[in-house]
Amino acid sequence: MSKGIILLAAGGTGGHVFPAEALAHKLKERGYSVHLVTDSRAARFAGKFPADEIHVVPSATIGSKNPIKVARSLWTLWTGMRAARKLIRNIKPLCVVGFGGYPTVPPLLAATRMGVPTMIHEQNAVMGRANKALAGRVQAIAGGFLPENGGAFPEKTVTTGNPVRPAVIEAAKIPYTPSGPDDPFNLVVFGGSQGAQFFSKAIPTVVSLLEDGLRKRLRITQQVRPEDMETVQNCVVHLEMGADIAPFFNDMAERIGAAHLVICRSGASTVSEISVIGRPAILVPYPYALDHDQAANAAALAANGGAKVIAQSELSPEKLSGLLRGAMTSPDKLVKMAAAAKLSGKPDAANLLADMVEAIAGKRSIAEFKGAGA
């Protein structure tokens, strides 16, 4: 028999959905029913999300200065609030947990107004807009990279780390094995769950600049946006690259586990998963991220020696090719980076977050939870 329902709210990108999925697995193990409220973008993740039910409520972001668009967004948010209130009345969750993204705003606001225990989890080193709007209203804040003694609400913030999916925990069991001078070299390239045009354009050129011997060793997994697939595929054929390209990989954790080097953006989930698995990385923060949160996330891993961080504006194909050449010919350096990355990982983040959810759902204060050391 279920202990009750926990309602998770997450925006429809992987950065929000993946940590919610990791928490859902832990809560299910502990006997709770889990419901997810999100938007239509999350459909591609739903197959692996262990929710008893998935709900979609209307929501919108207010990013425009056009008064007509603002009015439409406000109306959509009001509609979403009404739908969320009805959902919460019907399923009676013990707690509502938000993971960021504008679809979390209606259910979290509705829950706070209805007296249902609430908390948010912020994945990044810099709090996102949705969570920032909710932070003052919820009982507790869990942070992936947020310091407990910093921010606007230190008294109710706990640095849990970012929970990672079971597939990541499994991949973390694979020891890092360096690639010898004549062995295949597994390179994984991705730009977050939505892909990155920059990598689609850069990587074929990067590979073309390598010597034949190095190029023939490469085994590339690259996430490519659908609109870039044909161009990249043509480059793969022309360069005779050993490459597996796709808009999305359901087994990305396993692919990272098999990687000798990862080149990617530095979203919070990405940095957390690379750390837990323990793989050396070249991180290229998304330059247009609000509040430069990706740069802050990357700096946390680079400070421990687990990654090299380079701004996109400073990264030419020639420079990236030189870095890749250096990595392929310096396996001992990659071994050290892999070990440093693993030391930075927080594989138990999902359990700590589940402890926190149970405390809030049980009407314990966050001060009591922190005082008890979870």
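The values are calculated or read from the model by the stated rules, or taken from the named source; none is laboratory data. This is a predicted model, so every value here is computed, not measured. We place every Cβ from the backbone using ideal geometry, glycine too, and count neighbours over all the protein chains shown. Heads up: the accessible areas ignore ligands, DNA and RNA and are worked out on the full protein's heavy atoms, side chains in. Shrake-Rupley method; radii C 1.70, N 1.55, O 1.52, S 1.80 Å.
Residues that are touching a Leu at 6+ places or on another chain (Cβ under 8 Å), over 25 Å from ASP293 (Cα atoms) and open to solvent by 10 Å² or more (accessible area, probe 1.4 Å) within segment 93-111 comprise just one, PRO93.
Among the residues of segment 202-236, those identified as assigned to a loop (DSSP other than H, G, I, E, B) and under 14 Å from SER321 (Cα atoms) are LEU209, LEU210, GLU211.
Every test in (1) more than 16 Å from PRO163 (Cα to Cα); (2) modelled with pLDDT under 95; (3) open to solvent by 10 Å² or more (accessible area, probe 1.4 Å) is passed by GLY15 save one, and that test is (1).
Would you check if LYS308 is outside the structural domain of LEU23 (by the TED database), assigned to a strand (DSSP E or B) and either open to solvent by 50 Å² or more (accessible area, probe 1.4 Å) or touching an Asp or Glu at 6+ places or on another chain (Cβ under 6 Å) (or both)? Steps first, answer last, please.
Values: outside the structural domain of LEU23 (by the TED database): yes; assigned to a strand (DSSP E or B): yes; either open to solvent by 50 Å² or more (accessible area, probe 1.4 Å) or touching an Asp or Glu at 6+ places or on another chain (Cβ under 6 Å) (or both): yes.
Yes: the conditions hold for LYS308.
Of all the listed residues (ALA125, ALA142), the sole one being small (Gly, Ala, Ser), in contact with a Leu (Cβ under 9 Å, 6 or more places away or on another chain) and part of a strand (DSSP E or B) is ALA142.
Of the residues PRO166, PRO184, PRO178, which is open to solvent by 50 Å² or more (accessible area, probe 1.4 Å) and touching a Lys or Arg at 6+ places or on another chain (Cβ under 7 Å)? Full working, then the answer.
Working: PRO166 fails: touching a Lys or Arg at 6+ places or on another chain (Cβ under 7 Å); PRO178 fails: touching a Lys or Arg at 6+ places or on another chain (Cβ under 7 Å).
Residue meeting the stated conditions: PRO184.
Look at ALA299 and say whether it is aliphatic (A, V, I, L, M), assigned to a loop (DSSP other than H, G, I, E, B) and within 20 Å of the chain's Cα centre (by Cα).
Values: aliphatic (A, V, I, L, M): yes; assigned to a loop (DSSP other than H, G, I, E, B): no; within 20 Å of the chain's Cα centre (by Cα): yes.
No; evaluated as a whole, the condition is false for this residue.
Exactly one residue out of LYS86, LYS65, LYS28 is assigned by the TED database to the domain that holds HIS121, charged (D, E, K, R) and either assigned to a loop (DSSP other than H, G, I, E, B) or crowded, with 24+ Cβ neighbours inside 10 Å (or both), and it is LYS65.
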